[in-house]
Amino acid sequence: MILTARQLGLDVEVQRLESPTHTVSDAAKAVGCGEGQIAKSIVFVCDGEPIVCVASGGHRVDEDKLADAYDCAEVRQASAHEVRAATGCVVGGVPPVGHGLPVLLDEELLDNELVWAAAGDPHSLFCVNPRELAEHTGARIVPLGS
């Protein structure tokens, strides 16, 4: 069963924006925070299975670290088609919850009291404590940044 943020026990309020936030920079400007406070959800395919990495907007995901953390031999970023098929969302709008996929959360996000994450489309974001996000989603906290 796929659960929403509220069903997982997260008390979040979705902020709908007039313009889409296709990049980390766009999202940070829209909500007035630093790029490191953007929790970008990126779908990867690990040994043929989709997973979601919730990474700090301040850096790129290191695929070697991801392979080690998830104990898989082959890692690649999912195509736009695979992202939509796995999550029901388009690239740039994938939330860290609501898709039923395994989640790895970048340990660097824990340096922030609050982070902003996509809420299902490129026009929507929500703010959340990253520790609560990890706790309520069952995410594994791992180093992902390069």
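For GLY98, what residues show an amide H to amide H distance below 5 Å, using hydrogens built from the backbone and excluding near sequence neighbours?
Under 5 Å from the amide H of GLY98 lie the amide H atoms of LEU3, each far enough along the sequence or on another chain.
Among the DSSP beta bridges whose two residues both lie in the chain, what percent are antiparallel, rounded to the nearest 5?
Of the beta bridges lying entirely in the chain, close to 70 percent run antiparallel.
Run through the range 90-128 and list the GluC sites (Glu not before Pro) located in a DSSP loop whose Cβ has at most 15 other Cβ atoms within 10 Å.
Sparse-neighbourhood loop GluC sites (Glu not before Pro): GLU113.
Among 28-39, 78-89, how do they line up from the highest to the lowest mean number of other beta-carbon atoms within 10 Å?
Descending mean neighbour count gives 28-39, 78-89.
Could you list ASP106, ASP68, ASP121 in order of exposure, starting from the residue whose Cβ has the fewest other Cβ atoms within 10 Å?
Fewest to most other Cβ atoms nearby, the residues stand as ASP68, ASP121, ASP106.
Using Cβ contacts closer than 10 Å as the measure, can you line up LEU109, LEU125, LEU17, LEU101 from fewest to most?
Result, fewest neighbours first: LEU17, LEU101, LEU125, LEU109.
Note down the relative contact order for the chain as a percent, whole number, built from C-alpha pairs under 8 angstrom at least six residues apart.
It rounds to 30 percent for the chain.
A short reminder: the numbers here are calculations on the coordinates, not readings from a lab. What you see is a predicted model; the values in this text were computed from it and never measured. Counting neighbours? That spans all protein chains shown, and the Cβs are built from the backbone with ideal geometry, glycine included.
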